[in-house]
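The values are calculated or read from the model by the stated rules, or taken from the named source; none is laboratory data. On a predicted model such as this, the values are computed, not experimentally measured, just so you know. Note: ideal-geometry Cβ built from the backbone for every residue, glycine included; neighbour counts use all protein chains shown. Ligands, DNA and RNA are stripped out before the accessible areas are found, and what is left, the full protein with its side chains, is counted by its heavy atoms. Shrake-Rupley method; radii C 1.70, N 1.55, O 1.52, S 1.80 Å.
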Amino acid sequence: MLTLVLYFLLGYCALFSVVWLHEIGHSLWNFWFGCRAGWLRVQVKPYIFFSTPGPVNLDKYQALAPWQRTLSAYGGVLANLLWGTIGGGILLLAKPGNSYVQFFLWMFTTLHLAEIVSYLVIGSIYLVSDMAIVAGEYPGLRIPSLSAGLVLTVIYILALAGIPQEFRLFILVWNLITILSMCGGRIVFSLLHRKN
């Protein structure tokens, strides 16, 4: 029972860090392009839904060149790719012996991949959130984004297949719930944003 509780806590910490790093990825580009005062503070609530890289100066953001808004939109996925690669690299090279460290790294790595896949694949098919911004600026990037997402989906599936048996089922269920929640949450967020 204690192990299950620790897995839930570590899983939540991994998910929160994945979402926070995603928003930091957007925030860095917005900071570099002069749309915000600092890059470190983003809006990620404890319940994780409706996280944003805000506060962003919308007038300055709207004045950016289309390529700058596109880089800002891709910033979260690029951060997920970087951190997911680092997490996967640690798993492959360092091979941590502690099962809780292993569990956290597997969650951290697979949830970064889940976020990438949910954006590049699902978000390119049904345009919402960051991918709607990308397609609005450069419609021709929709197919390359989807293609990159499909390649990363294969990597994601291979990563899921490599999870150690002792916590494979837990991580698979957590990833499935996360992808469904991310996609559903983005659709709701985008619909609410369109109304405002």
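Take the Cβ-Cβ distance between Thr153 and Tyr47 as r, set R0 to 30 Å, and report the resulting FRET efficiency rounded to the nearest 0.05.
0.65
Pick from Ser99, Ser51, Ser147: which is most flexible by mean-square fluctuation in a GNM of the chain where alpha carbon atoms under 10 Å apart are linked?
Ranking Ser99, Ser51, Ser147 by mean-square fluctuation puts Ser99 first.
Using alpha carbon centroids, what distance separates the range 1-41 and the range 103-139, in Å?
Between the Cα centre of the range 1-41 and that of the range 103-139, the gap is 15 Å.
Taking the convex hull of the Cα atoms, report for the range 10-97 its projected area averaged over all directions, in nm².
Convex hull of Cα atoms, orientation-averaged projection: 6.5 nm².
Quickly work out the Gln165-to-Asn57 label distance, labels modelled 7 Å from Cα along the C-beta direction, and quote it in nm with one decimal.
In this crude spin-label approximation the distance works out to 5.9 nm.
May I ask you to give the solvent-accessible area per residue for the chain, in square angstrom, as obtained with a 1.4 angstrom probe?
Heavy-atom accessible area per residue stands at 52 Å².
Once you treat every alpha carbon in the chain as an equal point and sum by Debye, what is log10 I(q)/I(0) at q = 0.09, 0.16 Å⁻¹?
-0.33, -1.02
Take the chain, connect every pair of alpha-carbon atoms lying under 10 Å apart with a spring to form a Gaussian network, then pick out the residue of Leu15, Leu82, Leu113 with the largest mean-square fluctuation.
Leu82
Would you list Leu93, Leu172, Leu105 from the most to the least accessible area, probe 1.4 Å?
Solvent-accessible surface, decreasing: Leu93, Leu172, Leu105.
What 222 nm value per residue comes from the helices of the chain, counting each DSSP H run with n ≥ 4 as -39,500 (n - 2.57) and dividing by all residues, nearest 500 deg cm²/dmol?
One gets -25500 deg cm²/dmol as the mean residue ellipticity at 222 nm.
Round to a whole number: what % of the accessible area of the chain belongs to carbon and sulfur, probe 1.4 Å?
75 percent
If the convex hull of the alpha-carbon atoms of the range 152-196 is projected onto planes in all directions, what is the mean projected area in square nanometres?
So the Cα hull casts an average projection of 3.6 nm².
Hey, what angle do you get for helix 2-32 against the long axis of the chain, alpha-carbon based, 0 to 90 degrees rounded to 10?
So the helix axis and the longest Cα principal axis differ by about 30 degrees.
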